[in-house]
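Visitor: I'd like to ask some things about the structure below.
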Amino acid sequence: MAKILDGKEVAIKIKEELKIEVEQWQQRGINPCLAVVLMGDDAASVAYANFLQKVAADVNVKFHLEQLPKDAEEDYLLSVVDKLNQNKKVHGILLLLPLPEHIDKQQVIDSILPAKDVDGVHPINRGYILSGGDCIYPATPLSCLEILQRYGIGIEGKHAVVVGRGETVGKSLMYLALAQNATITVCHSKTPDLAYHTKRADVIFSAVGKPGLITGDMVKPGAVVVDAGISQVDGKICGDVDFENVKEIASAITPVPGGVGSITTVMMLKNLLKGITMQQAFVQ
Ligand code: NAP
């Protein structure tokens, strides 16, 4: 039976560390502040903004919400982001998606200062992942690696199979895992025999969004399985992995919910504090 890698426990630990770091910034006269830009009233985005506000409060990070009407012009949205870029009391900017159809999402992402891009989505931050530079990495791929690290599971020299090459998770995760000296195989929807690859993996990272995609017979005994997938089945949140069967075969596994997804928000707040260090370097 696999060890269950508990994301909630890890999040509690990271929150304790964040609180200390926030206090250190406050002693230096800097009050870490996250700004969230929400356009329209998409229910999931509103719920996430409320959740973020609570988690930020837990670690004494200030929270600033910019809520724009759904029909606001793109120029207005860009001017709001520009003001947040210029505002020295704001240290991170999170643009909640989806945006209304009349908005060019990439244009808005490109307008966020890379050092305030807590989501690690700006092309400069994405580019630094390839070059191995120190930058702000996206929170979900970071969380996949952080949960392993917190449980003392190293991936150096291991064969890691990343299932999914999506822009949010898989594509960045493959480079971050490579930087930790894993040997990487990347699979996607055009991979003819997924099981052939996953059965040879020491570590499987799944980031697809298809419930039950990774079944017990696709996993090598003793492998580590990290499930970043999120789907809803009959109103219940589940991952890509057939958890009940795979947990009998793997040596360690993240549950969904309660695994990777439980850490992503605190990792984003970690990014906020990293961004402050980067912003300080610019002003010195
Ligand atoms: P995405 O952009 O939709 O990418 C999905 C990837 O899965 C694509 O690369 C696709 O291949 C691949 N795929 C589809 N069917 C497949 C199959 N049968 N076998 C192998 N690969 C297959 O997704 P994303 O935005 O990166 O997100 C991935 C998952 O992570 C989603 O479930 C999302 O909800 C979840 N997520 C979780 C968190 C969190 O906090 N835990 C945060 C963000 C996202 P192609 O490239 O060939 O199309």
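The values are calculated or read from the model by the stated rules, or taken from the named source; none is laboratory data. Keep in mind the model is a prediction, meaning the values are calculated, not measured. Don't worry about glycine lacking a Cβ; one is built from the backbone with ideal geometry, like all the others, and counts go over all protein chains shown. Ligands, DNA and RNA are stripped out before the accessible areas are found, and what is left, the full protein with its side chains, is counted by its heavy atoms. Shrake-Rupley method; radii C 1.70, N 1.55, O 1.52, S 1.80 Å.
Visitor: Going through LEU142, LEU178 one at a time, which residue ends up being under 30 Å from ALA44 (Cα atoms), at pLDDT 95 or above and more than 10 Å from the ligand (Cβ to nearest atom)?
Guide: Checking each option against the conditions leaves just LEU142.
Visitor: Further question: Just to be sure I understand, how many residues within the stretch 229-254 are open to solvent by less than 20 Å² (accessible area, probe 1.4 Å) and within 12 Å of the ligand (Cβ to nearest atom)? First the steps, then the outcome.
Guide: So in the stretch 229-254, the residues open to solvent by less than 20 Å² (accessible area, probe 1.4 Å) come out as 229, 231, 239-241, 246, 250, 252-254.
So of that shortlist, the ones also within 12 Å of the ligand (Cβ to nearest atom) come out as 229, 231, 239-241, 254.
Going through the stretch 229-254 one residue at a time, the tally reaches 6.
Visitor: With the condition kept exactly as written, say whether any residue in the stretch 157-167 is within 12 Å of the ligand (Cβ to nearest atom), surrounded by fewer than 23 Cβ atoms within 10 Å (Cβ to Cβ), modelled with pLDDT of 95 or more and more than 12 Å from the chain's Cα centre (by Cα). Steps first, answer last, please.
Guide: Initial filter on the stretch 157-167 (within 12 Å of the ligand (Cβ to nearest atom)): 161-167.
Now drop any that are not surrounded by fewer than 23 Cβ atoms within 10 Å (Cβ to Cβ), which leaves 165-167.
Keeping just the survivors that are modelled with pLDDT of 95 or more gives 165-166.
Next, from what is left, pick out any that are more than 12 Å from the chain's Cα centre (by Cα): 165-166.
Yes - at least one qualifying residue is present in the stretch 157-167.
Visitor: Name the residue that is farthest from ASP58 (Cα to Cα), counting only residues in the stretch 259-278 that are among the small types (Gly, Ala, Ser) and open to solvent by 10 Å² or more (accessible area, probe 1.4 Å). Step through it out loud before you land on a result.
Guide: Residues of the stretch 259-278 that are among the small types (Gly, Ala, Ser), as a first pass: 259, 261-262, 275.
Then drop every residue that is not open to solvent by 10 Å² or more (accessible area, probe 1.4 Å), which leaves 261-262.
Values: GLY261: 18, SER262: 15 Å.
Of everything passing the filter in the stretch 259-278, GLY261 is farthest from ASP58 (Cα to Cα).
Visitor: While we're on this one: Just need a number here: residues in the stretch 197-220 that are within 25 Å of the chain's Cα centre (by Cα), of a type outside the set (Gly, Ala, Ser) and away from the ligand (no atom under 11 Å from the Cβ).
Guide: 5
Visitor: For a quick check of your reading: which strands (runs of 3 or more DSSP E) sit entirely within the stretch 223-284 and have at least 1 residues that are among the small types (Gly, Ala, Ser)?
Guide: Output list reads 231-233.
Visitor: I want to confirm something. Restricting to the stretch 18-51 and keeping residues that are of a type in the set (Val, Ile, Thr) and part of a helix (DSSP H, G or I), which single residue is most open to solvent (accessible area, probe 1.4 Å)?
Guide: The extreme case among them is ILE20.
Visitor: Any residue in the stretch 194-206 that is in contact (Cβ under 8 Å) with a residue 40 or more places away in the chain sitting within a Cβ distance under 6 Å of a residue that is surrounded by fewer than 18 Cβ atoms within 10 Å (Cβ to Cβ) and not small (Gly, Ala, Ser)? List the pairs, counting only those 6 or more apart or interchain.
Guide: Hits for this filter: ALA201/HIS159; ASP202/HIS159.
Visitor: Now, a different point. Just to be sure I understand, how many residues within the stretch 214-228 are under 15 Å from ARG165 (Cα atoms) and open to solvent by 10 Å² or more (accessible area, probe 1.4 Å)?
Guide: 1
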